[in-house]
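Structure, as structure tokens:
The values are calculated or read from the model by the stated rules, or taken from the named source; none is laboratory data. Not measured: the values here are computed from a predicted model. Counting neighbours? That spans all protein chains shown, and the Cβs are built from the backbone with ideal geometry, glycine included. To get the accessible areas, we keep the full protein, side chains included, count just its heavy atoms, and leave off ligands, DNA and RNA. Shrake-Rupley method; radii C 1.70, N 1.55, O 1.52, S 1.80 Å.
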Amino acid sequence: MKVILVALLCVTLFCQGYSTGATSCKGRCDEKYNSQNQCHCNSKCTQYKNCCSDYTDLCKSEGSGIVISDAEIKAVSEILYALDSNKASASELIIDPQALVPDSQTSLQIDLSSGPLYRYVDEEALFSRPTYAALLAVLDNYHRMTGQAEDFSPQQLAEQDTFLKETMSNTKLGRELFAFLYTKGIYSSEEEFIQDLKMMWFGLYSRNNKKMDSSGFEHVFAGEVKGGKVSGFHNWIQFYLLEKRGVLNYYSHSFDGPWATYPDAMGMQFMWDGYFKQIGSAVIGSSPEFDLAIYSLCYITRPGKQCHLSLGGNELTVQTYTWENSFYGNGKKFIASAFPVTPRMKTSAEHHEIYRAVWLYFLKLMP
């Protein structure tokens with residue numbers, strides 16, 4: 001399987017006439033500073049922010065602690081991207097982005113788009129798939145207003161378990177994420193992995209009035225209302241469902257990613273039944289398992305920080321936040337939020353650095 005993925009990703013990423021140069025730490029760890037070098041591989045390069053892209057992967061050691069480099073995150077995200085067989089195709093999903101506004105105008109609350117964002121979604125093809133059906137079953141289990149305690153029935157709790165089973169245990173994509181985290185020593189079994197996901201995503205905590213009114217899943221996938229405005233809400237399927245019902249009005253978008261096929265990433269301005277969202281970013285056209293996998297990957301490896309993924313050679317940055325006011329297990333933190341941030345078109349040199357970092361990781365997979 002790994003050999004097939006390497007071949008596939010070579011076609012899409014690396015077989016583009018790219019050649020290596022003196023931008024790697026291979027054979028250069030702890031070398032003396034040389035101003036003629038493009039990047040550096042000594043202990044002070046992190047201080048001066050001039051390390052080579054593979055410095056952490058090849059040189060940095062943190063004793064018995066678990067170290068996951070940016071290169072490894074980019075490499076495994078490329079695998080997850082290649083494995084997203086349930087993503088929407090161009091014939092299954094048609095959007096109409098319409099008005100594009102600068103960042104300075106995202107707060108104006110002006111409807112600049114005459115039509116909906118989603119022109120067509122092939123519900124029969126997409127929503128009949130097990131992971132989509134499992135997501136739909138969970139999405140309607142929440143009260144959007146913070147300060148109102150969530151109380152789940154046995155069936156609703158079972159729907160959470162089904163969602164994790166379908167997305168993480170029953171897909172190649174989910175199993176690949178577990179395999180990566182297992183090999184890094186983060187989890188010792190799939191059971192531990194799934195249980196931790198359940199707590200970090202579905203464990204309840206209080207955002208308002210000391211009520212157990214929120215969770216990472218509700219905030220990110222379903223969306224909430226707090227302080228008179230929309231909070232969270234970073235899932236394209238929930239957006240489509242509410243827009244179809246006529247309770248969500250799409251106004252404009254402030255960024256669109258560089259991808260020509262799904263999944264893509266957008267930042268939208270919209271009104272949800274009287275409550276405004278200034279920038280509701282989401283990955284568009286992705287499967288539920290892909291969203292859960294990349295947000296979980298970023299939260300587990302880069303909690304509370306920006307996490308740089310590579311998807312088809314383009315970089316997607318995901319920002320995560322930890323919930324600091326309550327904990328689960330042995331002091332573990334719930335997910336407060338996870339979402340894509342404004343993408344940036346990369347230069348040719350930057351693309352080559354991504355290709356090199358991912359290629360180095362794949363070399364480790366080969367026998």
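Quick notes
- Hydrodynamic radius (Kirkwood) for the stretch 153-220, which is based on Cα pairs only, to one decimal in Å: 13.1 Å
- Label reach from T342 (point 7 Å along Cα→C-beta): in the stretch 243-274, amide nitrogens under 17 Å belong to 252-258, 265-270.
- Share of carbon and sulfur in the accessible area of the stretch 148-279 stands at 47%, probe radius 1.4 Å.
- Per-residue HN-Hα couplings for the stretch 262-268 [Karplus 6.51, -1.76, 1.60; θ = phi - 60°; Hz; x = Gly/Pro]: 7, x, 10, 9, 9, x, 10
- Whole-number percent relative contact order across the stretch 64-222, with pairs defined as alpha carbons under 8 Å at least 6 apart: 24 percent
- Rh by Kirkwood over Cα pairs, then Stokes-Einstein D for the stretch 137-262 at 0.890 mPa s and 25 °C, µm²/s: 148 µm²/s
- Stretchable slack from A90 to S189, in nm (0.36 nm times residue separation minus alpha-carbon distance): 31.9 nm
- Straight-distance crosslink candidates among aspartates and glutamates, where the alpha carbon sits under 13 Å from K172 and sequence neighbours closer than 8 are dropped: D84, E289
- Given R0 = 22 Å, the distance between the Cβ atoms of Q109 and E150 translates into a calculated FRET efficiency of 0.15.
- Average accessible area per residue (Å²) across the stretch 274-341 - probe 1.4 Å, nucleic acids and ligands excluded: 31 Å²
- Label positions at K165 and Y182, each projected 7 Å from the Cα along the C-beta direction, are separated by 1.9 nm.
- Based on alpha carbons, the Rg and Dmax found for the stretch 271-324 are 13.1, 39 Å.
- Length gained on full extension, Q319 to E123, computed as 0.36 nm times the residue gap minus the Cα-Cα distance: 67.6 nm.
- Residues R175 and K305, FRET efficiency given R0 of 22 Å [Cβ-Cβ distance, rounded to 0.05]: 0.25
- Restraint check, K211/K277; K210/K333; K87/K226; K198/K277; K32/K184; K305/K333, Cα-Cα greater than 20 Å: K211/K277; K87/K226; K198/K277; K32/K184
- Estimated from the Cβ-Cβ distance and a Förster radius of 45 angstrom, the FRET efficiency linking S206 and Y33 is about 0.35.
- Point-to-point label distance, D140-F327, nm (Cα→Cβ direction, 7 Å offset): 3.9 nm
- Computed over the stretch 98-137, the percent of Cα pairs more than 16 Å apart is 57.
- Surface analysis of the stretch 115-189 yields an accessible area of 47 Å² per residue, using protein heavy atoms and a 1.4 Å probe.
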